[in-house]
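Beneath this line is the structure, given in structure tokens, with notes to follow.
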Amino acid sequence: MQQAEVFAGIQDVFDEIFLEKVVVTPELSAKDVEEWDSLFHISLILAIEEKFGIRFRVGEVEGTKNLGELANIIVNRLNDK
Amino acid sequence: MDSSKSLLESHDRVATEPSSVVLDPKGLKDLLRSNDPLFVKLLKRKTQEARSFSEILALNALRKRAQQTGLWPTSATKLRLAIIGASSLRPFADLAEHYLVVLGGYDVQLWSGDYDNYVSEAMDDESGLYISRPDLVLLLPSERRCRYSGKITDPIDVQEAEANQAVADLLSLVERIHDRSGAAVVLGNFRLPSHFDPGPMRNSGLTSDYSFRKFVNTQLGLKMPVYAHVLDVEFLANRIGTLHAFDERTWFESKQPFSSDLLIDVAREFTQVASSLKRSAKKVVVLDLDNTLWGGVIGDDGLEGIEIGTTSPRGEAYRDFQQALLELSSRGVLLAVCSKNDHEKAIEPFLKHPEMVLKLSNIVNFKANWEPKSENIRQIALELNLGLDSFVFLDDNPAEIDIVRQFVPEVEAIWLGEDPSTYTSTLRNCRQFEIRTITSEDQERVNLYQREAKRQELLSTATDMDAYLQSLLMTATISQFKTIDSPRIAQLINKSNQFNLTTHRRSEAEVHALISDQSYISFTVRLSDRFGDHGLIAVIVNKVEGAELVVDTWLMSCRVLKRGVEEATLNEIVRVARERGCESVVGEYKLSPKNAMVRDLYSRLGFTLRTTTDTSATYSLDVGSYVLKSTKIEIMERAYAAG
């Protein structure tokens with residue numbers, strides 16, 4: 001799977017859980033979106049795991065700076081399968 | 001997996017909503033933007049059905065937005081809730097709040113404690129917990145510290161002593177919270193670990209986390225005081241499987257207490273527990289006959305042709321279902337029959353079939369005719385003098401279920417499905433008959449209703465009312481509130497609608513708090529007659545306000561209407577008013593959808609109208625000039641040990 005496909009999947013997840021439309025970009029992070037608080041963060045990570053059928057390892061998500069880095073983990077994990 | 005899921009959905013379904021509503025979460029956003037009231041209905045429906053964590057949190061966000069814009073209706077039922085515990089309480093508290101608002105119909109004011117700060121929050125009189133003045137406190141204590149600290153070789157009595165100490169510590173925390181706040185307390189118990197370690201020695205003693213927590217859970221259940229309740233996390237975790245109940249990563253990352261699946265189930269169950277404190281369980285099951293209690297159609301197949309009993313697998317399934325219904329009946333739930341049949345044919349299996357578990361004596365009301373079932377159910381409700389909202393209707397025919405849902409939406413109609421082997425589990429998962437405490441009145445209720453039928457017969461033959469009442473040989477016991485009665489008192493306070501002057505609801509904890517409050521004079525009335533013991537049938541709560549005794553609550557079971565209990569109760573109210581030096585008794589009538597019956601009670605009893613509005617009226621009675629009313633009831637004992 002390529003990063004573009006992963007971004008399309010993340011966009012679906014965002015559309016599901018955010019009330020306002022948020023366009024996902026590699027640079028996007030929580031500080032850019034008003035609705036994206038700690039509660040949404042938990043929800044978002046669980047929804048992304050469900051969407052891609054993967055499971056992040058402990059501390060992995062915390063170590064990412066933006067969606068681009070998160071997408072890299074997803075791509076690597078899917079390609080390892 | 002699939003069967004358990006469909007069961008959950010069947011009990012979660014909202015019976016009164018048309019199935020044509022399209023379920024689309026994006027539709028919700030549009031409805032919210034256009035301020036469409038359909039939003040509320042759809043969001044409730046989605047909340048019932050949603051099982052994914054992120055979906056529920058998304059619904060939570062939508063609901064909060066709708067509360068801000070005023071689209072979400074404000075509920076009159078306020079609940080001040082405090083949640084404390086050993087883990088991070090978000091998002092658990094958000095889930096619990098969402099379910100309480102959407103499924104419980106509460107207006108929730110939530111206060112949640114800090115991560116693992118529950119002991120000091122409970123011990124410190126000035127903590128935020130107490131400042132929030134909660135009606136209800138949920139405590140999710142530390143599971144990680146609920147374990148044996150010694151060695152596997154320690155003597156068993158040392159192990160037990162430590163487990164009992166853990167129980168005592170938790171109970172004293174619960175007691176402390178109740179004493180300081182007066183709130184009802186709900187205590188979450190503990191999951192049992194899913195890992196194999198320490199192997200087959202797991203249950204040999206209490207040194208494994210598994211056996212230690214199992215022991216603690218059991219003891220907590222046995223020793224829980226009346227004002228507190230267990231939130232059975234152990235059961236919920238077992239139900240989804242302990243492998244799915246744990247998620248260590250979310251503990252390490254953000255101190256989450258449970259896996260996301262279990263978070264949802266615990267939050268939902270908490271709503272169920274909180275709601276059951278103020279709402280009563282259903283009282284009557286109305287049963288179809290053909291293909292519900294037996295296989296086949298009695299009118300076509302005849303007594304020998306129907307399937308019931310151990311001679312066939314299907315017959316066994318129906319027998320098992322009847323057995324489950326009989327158990328429900330022994331718990332005090334009334335069974336009634338409503339079937340499209342000729343009466344003579346319909347009763348035949350009950351009288352003649354040797355494999356029938358249910359007998360005619362188990363059925364308090366039997367309607368077999370060709371009238372619509374909705375009409376029959378209304379008739380049964382009238383005859384039993386019970387509200388339709390205390391009825392559950394079971395049928396294998398979806399068309400009958402639809403008719404009942406459409407024409408008597410107050411009734412909870414449950415479709416049994418097409419496979420009789422699932423009937424029993426559908427019944428046992430429907431969650432309509434859950435009681436927190438069994439009162440002896442519950443067990444007696446079936447007999448009471450059968451006696452009531454006899455009494456009605458006698459009434460119809462007696463022409464002189466006074467002579468009839470005299471012939472009943474009634475005796476009453478009036479008593480101040482006692483701890484042992486508080487479950488029954490709370491039950492009456494929360495379910496009595498018709499003979500209820502003010503419909504002030506109170507939880508068991510609030511009832512319990514009245515016992516020691518000197519400004520309240522409260523009592524109960526028990527009534528017996530020659531047909532049997534009616535048990536505790538009236539509850540009166542009075543507040544002393546200077547020279548006035550204000551009747552805060554006066555309610556009575558309608559079974560004993562117009563027997564003189566009203567007059568005997570007033571005699572006692574005036575007596576206690578005199579004892580406390582009050583000059584007048586003040587009574588209030590607050591109109592509710594169901595209490596028109598007592599609209600004129602105070603004026604009938606000789607009170608003077610003071611003020612009145614569209615929905616209430618206040619009356620007063622001069623204590624000095626009151627003349628005791630005569631009744632046919634012999635008073636055996638009066639409140640507060642008076643002679």
Given backbone amide H placed at 1.01 Å from N, residues whose amide H is under 5 Å from that of B:Cys338, ignoring those fewer than 5 places away on the same chain, are B:Leu287, B:Asp288, B:Lys367
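Could you calculate, for region A:42-81, the ratio of the Cα radius of gyration to the Kirkwood radius, expressed as Rg to Rh?
Numbers: Rg = 9.4 Å, Rh = 10.3 Å.
Answer for region A:42-81: 0.92.
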Would you compute, for the Cα atoms of region B:154-237, the largest minus smallest coordinate along each principal axis and list the three values in descending order, in whole Å?
-> 44, 29, 15
Please find the FRET efficiency linking A:Asn72 to B:Arg33, where r is the Cβ-Cβ separation and R0 is fixed at 35 Å, and quote it to the nearest 0.05.
-> 0.50
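Stretch B:Ser172-B:Leu382 to full length: gain in nm at 0.36 nm per residue minus the Cα-Cα span? All intermediate terms of the calculation are to be shown ahead of the outcome.
Values: separation 210, 0.36 × 210 = 75.60 nm, distance 4.72 nm.
The span from B:Ser172 to B:Leu382 would gain 70.9 nm if fully extended.
Antiparallel versus total DSSP beta bridges in the protein assembly as shown: what percent is that, nearest 5?
Details: 37 of 83 bridges.
Among the beta bridges of the protein assembly as shown, antiparallel pairing accounts for roughly 45 percent.
Pulled fully out, how much extra length does the chain show between B:Gln109 and B:Lys629, if you take 0.36 nm times their separation in residues and subtract their Cα-Cα distance? Spell out each step's value before the answer.
Details: separation 520, 0.36 × 520 = 187.20 nm, distance 4.63 nm.
The span from B:Gln109 to B:Lys629 would gain 182.6 nm if fully extended.
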Sticking with the crude label model, points 7 Å out along Cα→Cβ, report the distance from A:Ser38 to B:Glu579 in nm, one decimal please.
-> 5.5
Over the Cα atoms of chain A, compute the convex hull volume and normalise it per residue, giving Å³.
-> 84
Label points 7 Å out from Cα along the Cβ direction at B:Ala399 and A:Lys65: separation in nm?
-> 6.9
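Suppose we take every Cα in the protein assembly as shown and form the convex hull; what volume per residue is that in Å³? Could the numbers behind the result be given before it?
On the way: hull volume 154.6 nm³, N = 724.
So the per-residue Cα hull volume is 213 Å³.
Once fully extended, how much extra length lies between B:Asn203 and B:Leu561, figured as 0.36 nm per residue of separation less the alpha-carbon to alpha-carbon distance?
Fully extending the segment from B:Asn203 to B:Leu561 adds 123.3 nm.
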Flagged links, alpha-carbon separation over 22 Å, of B:Lys283/B:Lys482; B:Lys44/B:Lys594; B:Lys495/B:Lys562 | B:Lys283/B:Lys482; B:Lys44/B:Lys594
B:Ser112 long-range amide H proximity, modeled H, under 5 Å = B:Ile83
Would you kindly derive the ³J(HN,Hα) couplings of region B:296-308 from the backbone phi angles with the Karplus curve 6.51 cos²θ - 1.76 cosθ + 1.60 (θ = phi - 60°), listing them in order in whole Hz, with x for Gly and Pro?
-> x, 10, 4, x, 9, 8, x, 4, 7, x, 6, 9, 7
For B:Val40 and A:Ala8, extending 7 Å from Cα along the Cα-Cβ vector and measuring point to point gives, in nm, a value of 4.1
Would you mind checking which residues have amide H under 5 Å from B:Asp552's amide H? H placed 1.01 Å from N; only 5 or more apart, or other chain.
-> B:Val541, B:Asn542, B:Lys543
Fewest-first sequence of B:Ser390, B:Ser172, A:Ser29 by Cβ atoms within 10 Å of each Cβ = B:Ser172, A:Ser29, B:Ser390
Of every Cα-Cα pair in region B:469-532, the percentage lying beyond 12 Å is 72
Helix A:3-17 versus the longest principal axis of chain A: what is the Cα-based angle in degrees, 0 to 90, to the nearest 10?
-> 40
Return the FRET efficiency for the residue pair B:Thr77, A:Lys31: r is the Cβ-Cβ distance, R0 is 45 Å, and the value is rounded to the nearest 0.05.
-> 0.70
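Between B:Ser254 and B:Glu160, what is the FRET efficiency for a Förster distance of 60 Å, r being their Cβ-Cβ separation, to the nearest 0.05? All intermediate terms of the calculation are to be shown ahead of the outcome.
On the way: r = 36 Å, r/R0 = 0.59.
Once rounded, the FRET efficiency stands at 0.95.
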Chain B, relative contact order in percent, only Cα pairs under 8 angstrom and at least six apart counted = 9
Relative to the longest principal axis of the C-alpha atoms of chain A, give the angle of the C-alpha long axis of helix A:38-52, reported between 0 and 90° and rounded to the nearest 10°.
-> 40
Counting every Cα pair in chain B, what percent are over 47 Å apart?
-> 23
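A short reminder: the numbers here are calculations on the coordinates, not readings from a lab. It should be emphasised that the depicted structure is a prediction, and the values quoted were computed from it without experimental measurement. Reconstructed Cβ throughout: ideal geometry from the backbone, glycine too, with neighbour counts over all protein chains shown.
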